[in-house]
1. Calculate the mean, over all residues of peptide A:90-97, of how many other protein chain Cβ atoms lie within 10 angstrom of the residue's Cβ.
2. Percentage of Cα-Cα pair distances in segment B:211-251 greater than 12 Å, rounded to whole percent?
3. I need B:79, B:17 ordered by Cβ neighbour count within 10 Å, fewest first.
4. Taking only the alpha carbons of chain B, what extent do you get along each of the three principal axes, in Å, biggest first?
5. For Cα pairs less than 8 Å apart in space and 6+ apart in sequence, what is the mean separation divided by the residue count of chain A, i.e. the relative contact order in percent?
6. Suppose R0 equals 22 Å; then what is the FRET efficiency for residue B:171 and residue B:35 from their Cβ-Cβ distance, rounded to the nearest 0.05?
7. Could the peptides A:119-126, B:168-175, A:145-152 be put in order, highest first, of the mean number of other beta-carbon atoms found within 10 Å of their residues?
8. How big is the Rg/Rh ratio for segment B:119-224, C-alpha atoms only, Rh by Kirkwood, two decimals?
Amino acid sequence: MIEARGLAAGKGAALAFKHVSFQIAPGSFTALVGPNGAGKTTLFETILGLIPPRHGEIQVLGGTPSRMRRQIAYVPQALALAHDDALIGREFVSAAFQAHRLGLPLPGSRRRARAAVDAALDTVGAKDLATRRLSTLSGGQRQRLLIAQALVNRPRLVLLDEPLSQLDPAARDWIVAVAADLTRRGIAVIFSTHDINPVLRVCDRVLYLAQGRGRIGSVDEIICDETLSELYATPVRVIRDGGRRFVFADAPAA
Amino acid sequence: MPEFLQFAFMRNAFVATTLIALMGSLVGYFVVLRRQAFASHALSNIGFAGAAGASLAGVDPMLGLLLFVMGAALVMAWTGRDMGERDVSVGMILMFSLGLGALFVNLYSANANAAIGILFGSVFGIDAGQIRWIAITSAGVLLGLGAIFRPLRFASLNPQAARAQGIPVATLDTLFLLLVGAAAAIAVPVIGSLLSFAIFVGPAAAAQAWCGRVGLGMGLTALLALLESLGGLLLSYYANLPASSCIAALSFGLYGLSRLPIRALRA
Ligand SMILES: Nc1ncnc2c1ncn2[C@@H]1O[C@H](COP(=O)(O)OP(=O)(O)OP(=O)(O)O)[C@@H](O)[C@H]1O
Ligand SMILES: [Mg+2]
């Protein structure tokens, strides 16, 4: 589904990361973890072909990223949906349906859009938001509509950029469950977050970015003293507590 | 035929106003959706400088308006990278253009009334030649808007996701500003550059308060625009008041009504 070898990319003069290699399988759940500025968004933009890799190569769905873009959906980080936005949920979601087409949608296309929107709203459990105005929704409800919007063109890969950042624990569980449900439908999910704990139970693999380096593997392979110490190039301790993991730099008291 | 339509100037006013209300308000729907009210207002005001410059140079004011406003739209698209952070560059372009406008009016002191006509509109002074310009430009703008409707709608609501899908968000932004520029250029002689908000923003803002759907909302926008502009013309004719003032008052009234917390009116 995605094959990246020796990837290096960056938006400014400096590289955000280099020598990053990974593979993503269909229907898999990959947690993309890293501190602020580690390059999570940059990696997404590279997968989407929005910025070219400086080194290495990347194949997405068997082709170059820019050619395969239409089969990938991107849910942007903290989209500021305007507060007084007057549209209802259904209209927001359906705006993405075949949006690259020119001309007004004909009746047949409108029917197909309706069916696709209903299916997408159903998938994220947001049927009740179809007729609600965006201005009246909570952060978690908006996040669900954003994911529904990403699904209307039936993507094979969904990139979620820090979808948990502004949510309370209950809303987080909802979004994680929605994302895990996508993988059961055969959609590969890359889910960026700077806290691994909310996705521990559902993620197949962890792609960890830090200090310009990246490593991929199972949770146990990545979220452990050795790997993280190597990534951060400083002693790091991982403490397990009732199924959760906490990462500390050097002293556990920190 | 109703009594008021017996005069050619009234017929011209009706045709011009109908075309501009339909075209301007539908473009305006996206202006409001994209929060570009300031840019649209600025483009109309820049039209004043264009018309004044054209009069000075002795070319058709319509042509001057169109070129000047479209040029300004291009500059706006280039200088303001992000549609949300464009306020300052729009303001600077507006300020510079108004400075030019003041210079042109000063140099062309022969006809200060023409300048007032552009600032506040002179709907009863529209002639058949202008109607042709208005009809052609309106058709072109509506065709253009229809062509980019789907990508523009997505790019307006979620630009980052649209860009990720390969939709040329920046190009769409430029195209849309050009449409707004063309719409503003032909609306200015009719409604006036200072009062173009009445067509571009008023109906769309009221419609968006009442209706949360795009298709239905655009229909309502066009309806409200026709209501207020043709209503304004009639009011002006029978009460002997300036047409632009009547249209502006009706636009403001409808907008005010839409802000009232009347639940029954909201769909
Ligand atoms: N437009 C830009 N121009 C230059 N450098 C940039 C630009 N955007 C980001 N960067 C830099 O690229 C690096 C990676 O940024 P990126 O946004 O990918 O990180 P991130 O992991 O998504 O961070 P966050 O958790 O804050 O979202 C950072 O060091 C940042 O300073
Ligand atoms: Mg980021």
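1. Working: counts 2, 9, 6, 1, 4, 12, 9, 3.
Neighbouring Cβ atoms belonging to other protein chains average 6 per residue here.
2. So the portion of pairs separated by more than 12 Å is 56 percent.
3. Numbers: B:79 13, B:17 26.
With the fewest neighbours first, B:79, B:17 line up as B:79, B:17.
4. On the principal axes, chain B reaches 54, 45, 30 Å in Cα extent.
5. 25
6. Efficiency at R0 = 22 Å is approximately 0.70.
7. A:145-152, A:119-126, B:168-175
8. 1.02
Every number here is computed from the coordinates shown, using simple stated rules; none is lab data. As the structure is a prediction and not an experimental result, all values here were calculated from the model. Counting neighbours? That spans all protein chains shown, and the Cβs are built from the backbone with ideal geometry, glycine included.
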